[in-house]
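The values are calculated or read from the model by the stated rules, or taken from the named source; none is laboratory data. These numbers were taken from a predicted model, which means no experiment stands behind them. So basically every Cβ, Gly included, is an ideal-geometry build from the backbone, and we count neighbours across all protein chains shown.
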Amino acid sequence: MSTSPTEQLLSQLHGISWTLLIPLLARAYAKTYLPQHTFHDDLALDVAQTLKLSPADISSDTFPIRLCIARSILIDRRLRLLLQEHPKRDVFVLACGLDTLPFRHKETSFICADLPHVIEQRRQCLPSSPQHTLCALSIPEELHQIRPYIHPQQPPIVLIEGLLPYFPEEKVMQTLRTLCELFPKGTDLLIDTYHPALLTFANMSATFRRRQTLFQYGLHQPADITKKLPSLQHLESFDIIELLPWYMKKRCVFPAWFARGRPLATLSHFYIV
């Protein structure tokens, strides 16, 4: 009996890797789940439809989908601004999954890195492009493999989305420390950060517990990272949840109370000094 494309894909994604489906579906169905914004990704929708994959295949909980849509909107905005200032910069996307971001910025060179089986899925699901370089590696243990693609005289932009919260703190610090060693001064680093209160409530969700994938690393304030990594300068953080209409924020009531006014989810911009 043959298996469907969805079954084949799900059978190959284990641990943190399965979570790459959440942002893919978020981008694919942004018009449905966050119609207040104009964001839409035709390629993500094509991939989801080819795989016969819908948000219902992942979870009945729509909050992570909406949060990922808002995060994608902020990433696009910030990346566009940075590239307007210096259009020739390369962009490194670490833990790229099936991210269609490179196809929304077609004039930019992207270096996309992830685990070998994820890179293989990316080759199967997404079109190739001379502007895109794929690197199969484990983060942070094999990050040195991207060194040949780094131009010391041209500081790039580095994006890590949807990965660090799943790591224990020591692995997060190892990842960021390695990036500071690899990349030249002047490199911009964009990462998503989450308050521990939001992650605690998220870990109660059946979606993540069922797949034994739990969040481990949260920050009360994104700038706290720089206390342990003086090579990083915190420039600005953007509240992801602000992009959601009020009636989609009900999930955040209790975490917000525990956070005492601090943002629950941010896209944070750091700079290597």
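Yes or no: the range 160-167 includes at least one residue that is acidic (Asp, Glu), at pLDDT 95 or above and in contact with a strand residue (DSSP E or B) (Cβ under 9 Å, 6 or more places away or on another chain). Can you show your working first?
Taking the range 160-167 and keeping what is acidic (Asp, Glu), we get 161.
Next cut, at pLDDT 95 or above only: 161.
Pick out the ones that are also in contact with a strand residue (DSSP E or B) (Cβ under 9 Å, 6 or more places away or on another chain) and you get 161.
So far as the range 160-167 goes, yes, one or more of its residues are acidic (Asp, Glu), at pLDDT 95 or above and in contact with a strand residue (DSSP E or B) (Cβ under 9 Å, 6 or more places away or on another chain).
For the range 231-273: of the residues being touching a Ser or Thr at 6+ places or on another chain (Cβ under 8 Å) and in a loop (DSSP other than H, G, I, E, B), which is nearest to Ile69 (Cα to Cα)?
This residue is Ile240.
Please enumerate the residues belonging to the range 52-64 that are surrounded by fewer than 17 Cβ atoms within 10 Å (Cβ to Cβ) and either modelled with pLDDT of 95 or more or of a type in the set (Gly, Ala, Ser) (or both).
Those that are surrounded by fewer than 17 Cβ atoms within 10 Å (Cβ to Cβ) and either modelled with pLDDT of 95 or more or of a type in the set (Gly, Ala, Ser) (or both): Ser54, Ala56, Ser60.
Which of the residues that make up the range 154-179 are charged (D, E, K, R) and under 19 Å from Cys112 (Cα atoms)? Can you show your working first?
At the first step, the residues of the range 154-179 found to be charged (D, E, K, R) are 161, 169-171, 177.
The one that is charged (D, E, K, R) and under 19 Å from Cys112 (Cα atoms): Glu161.
Quickly run through the range 86-125 and pick out the residues that are more than 16 Å from the chain's Cα centre (by Cα), buried (at least 18 other Cβ atoms within 10 Å of the Cβ) and more than 16 Å from Leu159 (Cβ to Cβ).
If the condition is that a residue be more than 16 Å from the chain's Cα centre (by Cα), buried (at least 18 other Cβ atoms within 10 Å of the Cβ) and more than 16 Å from Leu159 (Cβ to Cβ), then Gln121, Cys125 are the ones that fit.
Taking the condition of being within 17 Å of Asp76 (Cα to Cα) and surrounded by 14 or more Cβ atoms within 10 Å (Cβ to Cβ), how many residues in the range 226-238 meet it? Can you show your working first?
Narrowing the range 226-238 to residues within 17 Å of Asp76 (Cα to Cα): 236-238.
Those still in the list that are surrounded by 14 or more Cβ atoms within 10 Å (Cβ to Cβ) too: 237-238.
Within the range 226-238, residues that are within 17 Å of Asp76 (Cα to Cα) and surrounded by 14 or more Cβ atoms within 10 Å (Cβ to Cβ) number 2.
Against the condition out of contact with any Lys or Arg (no Cβ under 6 Å at 6 or more places or on another chain), under 25 Å from Ala44 (Cβ atoms) and not basic (Lys, Arg), how does Ile150 come out, does it pass?
Details: out of contact with any Lys or Arg (no Cβ under 6 Å at 6 or more places or on another chain): yes; under 25 Å from Ala44 (Cβ atoms): no; not basic (Lys, Arg): yes.
Spelling it out, it is not the case that Ile150 is out of contact with any Lys or Arg (no Cβ under 6 Å at 6 or more places or on another chain), under 25 Å from Ala44 (Cβ atoms) and not basic (Lys, Arg).
Would the range 89-98 turn up any residue that is aromatic (Phe, Trp, Tyr) and under 26 Å from Gln174 (Cα atoms)? Break it down stepwise before answering.
Quick first cut of the range 89-98, residues aromatic (Phe, Trp, Tyr) only: 92.
When the remaining residues are screened for being under 26 Å from Gln174 (Cα atoms), the result is 92.
Within the range 89-98, one or more residues are aromatic (Phe, Trp, Tyr) and under 26 Å from Gln174 (Cα atoms).
Scan the range 18-49 for residues that are over 16 Å from the mean Cα position of the chain (by Cα) and over 13 Å from Ile65 (Cα atoms) and report the count.
Adding up the residues that qualify gives 12.
Go through the residues of the range 242-261 one by one and say whether even a single one is of a type outside the set (A, V, I, L, M, F, W, C) and touching a strand residue (DSSP E or B) at 6+ places or on another chain (Cβ under 6 Å).
If we filter the range 242-261 for residues that are of a type outside the set (A, V, I, L, M, F, W, C), which is where we start, we get 242, 245, 247, 249-251, 255, 260-261.
Next cut, touching a strand residue (DSSP E or B) at 6+ places or on another chain (Cβ under 6 Å) only: none.
Taking every residue of the range 242-261 in turn, none turns out to be of a type outside the set (A, V, I, L, M, F, W, C) and touching a strand residue (DSSP E or B) at 6+ places or on another chain (Cβ under 6 Å).
Might you check whether a residue that is in contact with a Gly (Cβ under 9 Å, 6 or more places away or on another chain) and either under 18 Å from Pro23 (Cα atoms) or buried (at least 21 other Cβ atoms within 10 Å of the Cβ) (or both) occurs anywhere in the range 65-74?
At the first step, the residues of the range 65-74 found to be in contact with a Gly (Cβ under 9 Å, 6 or more places away or on another chain) are 68, 71.
Next cut, either under 18 Å from Pro23 (Cα atoms) or buried (at least 21 other Cβ atoms within 10 Å of the Cβ) (or both) only: 68, 71.
Taking every residue of the range 65-74 in turn, at least one turns out to be in contact with a Gly (Cβ under 9 Å, 6 or more places away or on another chain) and either under 18 Å from Pro23 (Cα atoms) or buried (at least 21 other Cβ atoms within 10 Å of the Cβ) (or both).
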